[in-house]
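Asker: Just dropping this structure here.
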Amino acid sequence: MNSDRLIQDAKDSCLALVRAGYQPPLRQPIRVVGERGLPAIEAYLYLTRTAGYISDYDSFVGGKLAHVMCGGRVPYGTSVTEEYLHELEREAFLSLAGQPKTQERMRYILQTGKPLKN
């Protein structure tokens, strides 16, 4: 594939799908592990932090990710929508984006191309 034509090829593929009458699949509910899954991830974060593999802030970020990945504080097996998970993700991202350490990490990676361990 020619990288100069990447956008045009993608557009052509999309238009071909439209002409063929493509319909996206119906969205299905997603079953999440909820509160039952959080302790396992939190234990892993604790162990890796105390062993010195990750920083305290890495653990903090990991806790936010765990909350999203598990579907939040809901019972095990709860069915949620994709939009609900997107909202959890958005909340986590915005709360992290407001943290000075996250801002330091973003600034550092933009300047150096390497992650900051703070």
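The rows are residues; the columns are (1) among the small types (G, A, S); (2) in a helix (DSSP H, G or I).
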{"position": "S59", "(1), (2)": "yes, yes"}
{"position": "P75", "(1), (2)": "no, no"}
{"position": "E83", "(1), (2)": "no, yes"}
{"position": "L94", "(1), (2)": "no, yes"}
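Asker: Can you confirm whether R49 is surrounded by 16 or more Cβ atoms within 10 Å (Cβ to Cβ), in a helix (DSSP H, G or I) and among the charged types (D, E, K, R)?
Answerer: Details: surrounded by 16 or more Cβ atoms within 10 Å (Cβ to Cβ): yes; in a helix (DSSP H, G or I): yes; among the charged types (D, E, K, R): yes.
Answer is yes for this residue.
Residue by residue, here is whether (1) under 26 Å from A40 (Cβ atoms); (2) touching a Cys at 6+ places or on another chain (Cβ under 8 Å); (3) hydrophobic (A, V, I, L, M, F, W, C) holds:
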residue: G62; (1), (2), (3): yes, no, no
residue: R73; (1), (2), (3): yes, no, no
residue: T78; (1), (2), (3): yes, no, no
residue: H86; (1), (2), (3): yes, no, no
residue: E89; (1), (2), (3): yes, no, no
residue: A92; (1), (2), (3): yes, no, yes
residue: L110; (1), (2), (3): no, no, yes
residue: K117; (1), (2), (3): yes, no, no
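Asker: Any residue in the range 95-104 that is surrounded by 12 or more Cβ atoms within 10 Å (Cβ to Cβ), closer than 25 Å to I30 by Cβ and either at pLDDT 95 or above or touching a strand residue (DSSP E or B) at 6+ places or on another chain (Cβ under 8 Å) (or both)?
Answerer: Of the range 95-104, the ones surrounded by 12 or more Cβ atoms within 10 Å (Cβ to Cβ) are 96, 99, 101-104.
Adding the requirement that they be closer than 25 Å to I30 by Cβ leaves 96.
Those left that are additionally either at pLDDT 95 or above or touching a strand residue (DSSP E or B) at 6+ places or on another chain (Cβ under 8 Å) (or both): 96.
Yes, that holds for at least one residue.
Asker: Still on this structure, please answer the following. Determine whether E42 is surrounded by 14 or more Cβ atoms within 10 Å (Cβ to Cβ) and assigned to a helix (DSSP H, G or I). Write out each step before concluding.
Answerer: Numbers: surrounded by 14 or more Cβ atoms within 10 Å (Cβ to Cβ): yes; assigned to a helix (DSSP H, G or I): yes.
Considered against the rule, which asks whether it is surrounded by 14 or more Cβ atoms within 10 Å (Cβ to Cβ) and assigned to a helix (DSSP H, G or I), E42 comes out as yes.
Asker: Here's something else I'd like to know. Going by what's in this entry, would Y57 be described as hydroxyl-bearing (S, T, Y), modelled with pLDDT of 95 or more and in contact with a helix residue (DSSP H, G or I) (Cβ under 6 Å, 6 or more places away or on another chain)? Give the derivation first.
Answerer: On the way: hydroxyl-bearing (S, T, Y): yes; modelled with pLDDT of 95 or more: yes; in contact with a helix residue (DSSP H, G or I) (Cβ under 6 Å, 6 or more places away or on another chain): yes.
Here the answer is yes, as Y57 does meet what is asked.
Asker: Which residue pairs have Cβ atoms under 6 Å apart, sit 6 or more places apart or on different chains, and have a first residue in the range 63-87 that is closer than 12 Å to E35 by Cα and a second that is among the small types (G, A, S)?
Answerer: Listed pairs, sorted by first residue: V68/A92; C70/G34; C70/G37; G71/G34; V74/G34; P75/G34; Y76/G34; T78/G34.
The values are calculated or read from the model by the stated rules, or taken from the named source; none is laboratory data. For clarity, every value in this text was computed on a predicted model and none was experimentally measured. Because the Cβ atoms are built from the backbone with ideal geometry, glycine has one as well, and the counts that use them run over all protein chains shown.
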